[in-house]
Amino acid sequence: MMKRNKKERQSLLTDTIKENPFITDEELAEKFTVSIQTIRLDRLELSIPELRERIKTVAEKRFEDEVRSLPLEEVIGEIIDIELDKSAISILDIKREHVFKRNKIARGHHLFAQANSLAVAVINDELALTAKSNLQFTRSVKEGERVIAKARVTKIDRDNGRTLVEVMSYVNSELVFKGEFEMYRSNNEK
C-alpha cells in the first residue's frame, strides 16, 4: 500500500472509523501502514476518542432504553448492536483478570457469561432467565484477544414462554464458542 500524506490519511481515517467505529488502533495502523502511535496522534488531533470510549458512547446512546431484561451494566462485554427478539452483538476484551495466570488462557465462565448475558439482553421482556443451555468451546481464547459474540433468536414459542437463542463467539473470524440457550420469558403476549 502506498504511503499517504497526513491530510489524506486523516481524511481516510475519519471515514474508516465512521464506517466501523469498532476498528482498533492496531487494525488502523496496519491498514494505513503507519505506527500505532501515528494513529493515536491522528485520532487525538481529529478529536476521535479511543475505541473503548467509542463503543461505550454508541452503546449508551443506542441501547439504554432498548434493553428491557437487565440493566446494561449487568451485560458482560459491551453491546454494540441489538434488535430485540432478533439479534445482538457484544464485544469482550480479554484482560489479565479473565485468564489463568499460568497459561494466559481465558476462563470459560467469562465466555459463557458474555454469551448468556447477551442471550438475556436480546429478549424483549422485563424478565428473561436461562432455562437450559448447550455449550461448545471450540478453541482457547488468550489474554489480549477480543471476543465478539453474536446472538440470534431462532425460535419464539409463546405458548410455553420460551425463546431459543443461538450465540456464536469469534476472535477475528474464528469461532471460539457456540451456545444454544433456551430462555424463559415472563410475558407470552409480545
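Pick out the one residue from Val120, Val147 that is touching a Ser or Thr at 6+ places or on another chain (Cβ under 7 Å) and farther than 15 Å from Lys178 by Cβ.
Of the residues listed, the single one that is touching a Ser or Thr at 6+ places or on another chain (Cβ under 7 Å) and farther than 15 Å from Lys178 by Cβ is Val120.
Could you list, in sequence order, the residues of the range 145-171 that are acidic (Asp, Glu) and surrounded by fewer than 16 Cβ atoms within 10 Å (Cβ to Cβ)?
Those that are acidic (Asp, Glu) and surrounded by fewer than 16 Cβ atoms within 10 Å (Cβ to Cβ): Asp157, Asp159.
Does Ser173 satisfy the condition of being in the same structural domain as Gly77 (by TED's automatic domain parsing), of a type in the set (S, T, N, Q) and touching a residue at least 12 places away in the same chain (Cβ under 8 Å)?
no
Would you tally the residues in the range 119-144 being surrounded by fewer than 20 Cβ atoms within 10 Å (Cβ to Cβ), of a type outside the set (Ser, Thr, Tyr), in a loop (DSSP other than H, G, I, E, B) and free of Cβ contacts under 8 Å to residues at least 60 places away in the same chain?
Residues flagged as surrounded by fewer than 20 Cβ atoms within 10 Å (Cβ to Cβ), of a type outside the set (Ser, Thr, Tyr), in a loop (DSSP other than H, G, I, E, B) and free of Cβ contacts under 8 Å to residues at least 60 places away in the same chain within the range 119-144 amount to 3.
Against the conditions (1) over 22 Å from Leu92 (Cβ atoms); (2) modelled with pLDDT of 90 or more, where does Asn188 fall short? Just the number, please.
Of everything listed in (1) over 22 Å from Leu92 (Cβ atoms); (2) modelled with pLDDT of 90 or more, Asn188 misses just condition (2).
The values are calculated or read from the model by the stated rules, or taken from the named source; none is laboratory data. Because the structure is predicted, anything quoted here is derived from the model rather than measured. Counting neighbours? That spans all protein chains shown, and the Cβs are built from the backbone with ideal geometry, glycine included.
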